[in-house]
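S.K.: Right, I'll just put the structure down here and ask away after.
Values quoted throughout were computed directly from the atomic coordinates according to the rules given, and no laboratory measurement underlies them. No experiment lies behind these values; they were computed from the predicted model shown. Don't worry about glycine lacking a Cβ; one is built from the backbone with ideal geometry, like all the others, and counts go over all protein chains shown.
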């Protein structure tokens with residue numbers, strides 16, 4: 001299965017995997033799954049670092065690759081879904097991840113309960 005991970009899942013997998021449920025960890029560690037870190041996650045980390053909301057003193061792309069994750073670019077086709085998304089969630093980064101999940105038909109791994117309100121598969 002191909003899975004997109006939400007930004008907090010990515011950060012937890014790097015810094016504190018104990019925060020991730022056993023079921024989600026099994027999915028992350030399964031060799032039959034391809035785990036994607038979206039370019040949206042990289043953008044979110046860099047923007048939040050630039051405004052002082054997060055301290056990012058590492059290269060997230062290098063760490064993603066070292067962790068066995070694949071990178072997934074956000075495309076124009078992914079963005080088309082944004083027009084029709086209801087505003088259950090106002091966070092623009094989450095909305096783009098939701099849109100990408102719907103467009104690619106890849107489930108989104110998250111602990112954010114608001115994302116379950118959308119028509120994307122959630123793990």
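S.K.: Just the number: Rg to Rh for the range 79-123, Cα atoms, Kirkwood Rh, two decimals. If you can, show how the numbers build up before the last one.
M.R.: Working: Rg = 9.1 Å, Rh = 10.2 Å.
Result: Rg/Rh = 0.89.
S.K.: Let me ask something additional. Jot down the radius of gyration and Dmax of the range 38-80, Cα atoms only, both in angstrom.
M.R.: 11.7, 33
S.K.: What share of Cα pairs, in percent, lie more than 23 angstrom apart in the chain? Working shown, then result.
M.R.: Values: 1949 of 7503 pairs.
Beyond 23 Å sits 26 percent of the P(r) for the chain.
S.K.: So what does the Cα-only Debye profile of the range 1-68 read at q = 0.18, 0.24 Å⁻¹, as log10 I(q)/I(0), no solvent term?
M.R.: -0.68, -1.14
S.K.: Treat the count of other C-beta atoms within 10 Å as a stand-in for reagent exposure and order 7, 41, 104 from fewest to most.
M.R.: Taking fewest neighbouring Cβ atoms as first place, the list is 104, 7, 41.
S.K.: Let me ask something else about it. How do 91-102, 29-40, 44-55 rank on mean C-beta neighbours within 10 Å, highest first? Intermediate results must be reported in sequence, preceding the final value.
M.R.: Values: 91-102: 21.8, 29-40: 17.2, 44-55: 12.9.
Ranked by mean Cβ neighbours within 10 Å, highest first: 91-102, 29-40, 44-55.
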